[in-house]
Amino acid sequence: MQFTKFLLDNYLATEEGARALSFFQDLPKYAGAGDPDGRIKKFIDSLLLSPLADEWYEFGDEISEYEYKDFEEFSSAVTDSLHNIVAEEGCTYRDLVEEIPHISLRLFAESPQFAFPYLYPVHFFRVQEICETFGIMLPSLPQKTKYEDKCLYYLKLCKVFHEFRLQHGLSPQEFCVFFYSFAQHFISKHLTDEVPRPLKSYLVGGNTQGDHQYLQTLTPSSIHYWQGNTETKPGDIVLMYELAPYSHISSIWRAVSPGYDDPFRYWPGVVWLGQPVTIPPVSHEELKADPIWSQKGLVKANMQGVSGRGCSREEYAALLNILQQKGFDVSGLPALPELA
């Protein structure tokens, strides 16, 4: 879609657009005051359609604006600041990478001419779709374990969006309205749309006690992100395998987003899952005893590296057969298409 300032001006004349502009004009004030009324949190939660703000939400320091003569000076100062945080606080860039949303909001409050607030935590697929829709060329993603590069990728985004903003004559706040409100009307409604028929199936892994506790509380409307395969498409089937001490497949989900790499995450590969169905647990021992699953290298390797691994049609059919033998009605579970 060809973006013009005329389109955004028309949007800003609407009640929704005016409300969004007012929010971003006041954003530094909310952040500096610790957001006592929860306005930032509410905006993020409504924007993302999932309650994520608590996972990284932390403000409260006094914020003052800084003036930089150009983007290069700003970028150099932020790079030095990140290096100093790592050196002085004894952390690593891997520790720091998931703090980028928080850091970005402070940087926007301090230097709105060059920074932008990253309000899409664990939703980088939205950034990708917005940029594709409006012809914004994203920088190449950093390698999966290059955590310093992942932190500094934020600055690459700042530069791309700064140039876009200047090209179209947008203020920093108007760019935020474009990116977080206007653009929402032109991209997919993943996480809430009806999912298409599945084409493939995959496995993901739950490996903490917290994962297990969460998986005990599932409802049909549960939705959560997980480490997964970047080739996953919305609608695909995802089997949840809980690692030791449970060592079993305990639920079957549908992908409600495409798989994607998120530069501001520890782990490579993210996919949002929804529509879970809890099943009678199918243990690793049962998989080893099954003539189909027993041939899978992953099963032979005790399911190490399970997250994102593909599951064949034969393996999925074999899992359904195991469930039927347990007396479970599989008619409500998703089915993979037959091979032509």
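Tabulated data
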read-out	value
Candidates per GluC sites (Glu not before Pro) in region 256-340, loop by DSSP, up to 13 other Cβ within 10 Å	GLU338
Difference of contour (0.36 nm per residue) and Cα-Cα distance, LEU166 to GLU132	10.4 nm
Whole-Å semi-axes of the ellipsoid equivalent to region 248-328 (Cα gyration tensor, √5λ, descending)	25, 16, 10
Computed over region 111-193: relative contact order in percent, which uses C-alpha pairs under 8 Å that are six or more apart	38
Local electrostatic count at PHE125 - Lys and Arg +1, Asp and Glu -1, tallied over other residues with Cβ under 15 Å	-3
Interchain or long-range residues, amide H under 5 Å from SER251's placed H	MET240, ILE279
Extended-chain gain in nm, criterion 0.36 nm per residue less alpha-carbon gap, GLU16 and ASP193	61.5 nm
For q = 0.15, 0.16 Å⁻¹, Debye-computed log10 I/I(0) when each Cα of region 189-273 counts as one equal scatterer	-0.52, -0.59
Selected from ASN229, ASN302, ASN84 as most flexible by GNM, with the chain as the system and alpha-carbon contacts under 10 Å	ASN84
Cα gyration tensor shape for region 187-340, rounded if a/c is under 1.5, else prolate or oblate	rounded
At R0 = 25 Å, FRET efficiency that the Cβ-Cβ distance of GLU231 and GLN2 yields, to 0.05	0.25
Restricting region 174-253 to GluC sites (Glu not before Pro) in coil, as DSSP defines it, with at most 11 other Cβ within 10 Å	GLU194
Rounded accessible area of LYS41 (nearest 10 Å², 1.4 Å probe)	60
Taking the chain and dividing mean pair separation by its residue count, relative contact order in percent (alpha carbons under 8 Å, at least six apart)	15
Percent carbon-and-sulfur accessible area, the chain, ignoring ligands, DNA and RNA, probe 1.4 Å	50
Accessible surface, the chain, averaged per residue in Å² (probe 1.4 Å)	48
Amide H contacts under 5 Å for TYR225, placed H, 5+ residues apart	LEU273
Relative compactness, the chain, computed as alpha-carbon Rg over 2.2 N^0.38 Å	1.11
Helical contribution to [θ] at 222 nm, DSSP H n ≥ 4, -39,500 (n - 2.57), averaged over the chain, rounded to 500	-12500 deg cm²/dmol
Heavy-atom accessible area ranking, 1.4 Å probe, most first, across GLU73, GLU65, GLU110	GLU65, GLU73, GLU110
Sparse-neighbour loop sites [trypsin sites (Lys or Arg not before Pro); region 255-340; at most 13 other C-beta within 10 Å; DSSP]	LYS326
Residue among TYR260, VAL282, PHE161 farthest towards the positive dipole end of the chain, charges placed on Cβ	VAL282
Extension gain, LEU333 back to ASP149 (0.36 nm per residue minus Cα-Cα distance, nm)	62.1 nm
Among PHE186, TYR68, VAL86 - extreme Cα towards positive end, dipole of the chain, charges at beta-carbon	PHE186
Charge dipole magnitude, Cβ of K and R +1, D and E -1 - the chain, Cα centre, debye nearest 20	1140
Antiparallel DSSP beta bridges within the chain, percent to nearest 5	75
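The values are calculated or read from the model by the stated rules, or taken from the named source; none is laboratory data. From a predicted model like this one, the values you see are computed outputs, not experimental measurements. Neighbour counts run over all protein chains shown; Cβ positions are idealised from the backbone, glycine included. These accessible areas exclude ligands, DNA and RNA; they are computed on the full protein's heavy atoms, side chains included. Shrake-Rupley method; radii C 1.70, N 1.55, O 1.52, S 1.80 Å.
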